[in-house]
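Every read-out reported here was derived from the displayed coordinates using simple, explicitly stated rules and does not represent laboratory data. Just so you know, these numbers come straight off a predicted model, no measurement behind them. With ideal geometry, Cβ positions are generated from the backbone for all residues, glycine too; neighbour counts draw on all protein chains shown.
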Amino acid sequence: MSAPAPARRDRGRPAPGPVPAPRPGPGRTGAGIPSGTVPAARRESAPVTRTDARPAAGTAPRTPARSRAPARGATVRLRAVLGLPLRPGTAHWVVLGCGSFLLVFGLVMVLSASSVESYEQTGSPFRTAARQATYAGVGVVAALGAARVPVRWWRRLAWPALLGAVALQAAVFGPLGFEFQGNRSWLDLGVVTVQPAEAMKLALVLWVAQIMARKEHLLHRLPHLLVPLVPGVALALGLVLAGHDVGTGLVIMVMLAAMIVAAGVRWRHILAGAAVGVALLVSVVLSAGYRRDRVQAWLSGDCGDYYGMCWQLVHGEWALASGGWWGVGLGAGRVKWAWLPQASDDFIFAVIGEELGLPGTLTVLALFAALAVGAIGVARATGDRFVAVATAGIVGWVVGQALLNIGVVLGVLPVTGVPLPLVSSGGSSLVTTMVAIGILVSFGRAARTGRTRAP
């Protein structure tokens with residue numbers, strides 16, 4: 001009997017039985033085949049990407065493009081450009097630090113800008129600054145209290161806050177309301193006067209954020225977007241504009257625009273709303289002769305009424321020019337000696353430029369920019385749509401109002417009559433802005449502890 005013939009092997013096939021694959025190394029591919037050699041069965045196939053080869057010495061390993069997260073990369077780039085921490089545990093501290101610095105800086109500048117007028121009216125150069133310090137103390141207590149409120153309670157307070165703010169704003173047309181500098185937007189409560197329009201900003205932030213959060217998945221449908229958002233905003237904004245407070249109305253429009261964009265509303269709806277807002281603003285400006293004259297003088301660049309409506313604007317620009325690069329020194333400004341009306345209110349930025357020069361004005365701009373960056377970090381640290389939209393509203397309110405105020409002092413914008421947040425004198429504006437800062441701190445604390453509700 002002859003021996004059995006050996007089993008015939010097919011070319012290109014491996015030998016029977018398990019064959020351990022060699023470890024990839026220099027000169028070999030991941031399949032254990034020497035480099036530069038391709039099996040016959042694979043010569044006509046598509047090229048295979050080498051994913052398990054070790055990188056050459058001295059080169060960094062490559063990360064597959066599909067594993068990179070665009071959002072994470074954008075955050076890293078934002079941190080690198082701005083140089084500020086945006087992590088959940090530190091973002092609200094940036095907000096708190098910038099707000100505190102602006103508060104203290106504002107108290108110092110109010111004392112400097114109001115000392116002459118205060119001495120002339122009351123015999124004490126510290127009367128206005130002392131009153132502002134009292135408002136600051138109330139604001140600090142309110143901000144600390146707001147920082148301890150959980151996010152779920154801010155949601156629950158949205159409707160009561162709006163109803164209360166609307167009632168207060170409507171009360172300015174009653175016996176307690178009075179007119180000041182052409183605006184009927186004040187309430188005389190006996191011991192103190194308040195401006196309800198400032199509370200309206202805070203109420204709208206909470207209410208609009210709550211509406212946007214509840215209808216997050218329905219905002220692409222126009223009926224759900226319009227109701228109840230448009231009636232509520234129209235009522236609030238209409239009451240403010242009925243008192244001829246165009247400056248506050250403009251700030252509310254900017255604030256609402258920031259919230260709508262942050263909520264993810266479709267751009268065609270945003271542009272339609274912007275067109276309606278511009279038409280409303282133009283009609284309000286044209287409805288009063290003095291507003292129309294201000295805008296015309298601003299557009300022409302030549303104001304002939306030097307001793308009238310141009311007095312404040314011209315002397316504000318002169319104050320900035322006389323300060324030069326480094327300023328004349330804190331307290332040594334000359335424009336506050338009856339040359340600049342409302343030097344401690346709407347035009348305090350001109351006093352800052354005169355006394356502290358370019359470093360002082362750039363410091364104010366940098367603080368507001370850092371405040372916005374910290375607030376953005378708070379919003380990015382949470383997946384809660386309510387927190388994100390409310391944070392956008394507060395940033396649009398505070399930073400937008402600051403840019404409007406600075407733009408007016410620089411002559412870039414027509415006179416609107418809005419204060420510089422946290423810096424100008426005024427109790428209603430200061431207290432409500434500090435409460436808004438406290439709300440941002442509350443959001444940041446909740447994001448750090450994971451107590452915000454995901455959408």
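Here is how the numbers come out for the structure above:
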| item | result |
| --- | --- |
| Residue among 197, 231, 358 farthest towards the positive dipole end of region 87-449, charges placed on Cβ | 231 |
| q = 0.16 Å⁻¹, region 200-277: log10 I(q)/I(0) [Debye, one scatterer per Cα] | -0.56 |
| Residue (of 96, 246, 219) at the positive-pole extreme of region 87-449, dipole from beta-carbon charges | 219 |
| Debye, to nearest 20: dipole size of region 219-368, +1 on Lys, Arg Cβ, -1 on Asp, Glu Cβ | 640 debye |
| Alpha-carbon centroids, region 234-298 and region 385-409: separation in whole Å | 15 Å |
| Computed magnitude of the charge dipole of region 162-266 (debye, nearest 20; Cβ of K, R +1, Cβ of D, E -1) | 480 debye |
| Exposure proxy ranking, count of Cβ atoms within 10 Å, fewest first, for 214, 148 | 148, 214 |
| Formal net charge of residues neighbouring residue 214 (Cβ-Cβ distance under 10 Å; K, R +1; D, E -1) | +2 |
| Sorted by Cβ neighbour density within 10 Å, fewest at the top, the residues 245, 384 | 384, 245 |
| Cα radius of gyration and Dmax for region 87-449 (Å) | 20.2, 62 |
| Euclidean distance between Cα centres, region 422-443 to region 103-130, Å | 20 Å |
| Full-extension gain in nm, residue 358 to residue 325, via 0.36 nm per residue minus C-alpha separation | 11.4 nm |
| Distance between region 142-168 and region 303-365 - C-alpha centres, whole angstrom | 37 Å |
| Positive dipole terminus of region 87-449, leading residue within 329, 297, 137 (C-beta point charges) | 137 |
| Full-stretch length increase - residue 230, residue 282 - with 0.36 nm per residue and alpha-carbon distance subtracted | 16.8 nm |
| Estimated dipole of region 87-449 in Debye, rounded to 20 [Cβ of Lys and Arg +1, of Asp and Glu -1, Cα centre] | 1680 debye |
| Packing rank of 150-156, 263-269, where each peptide gets the mean count of other beta carbons within 10 Å, highest leading | 150-156, 263-269 |
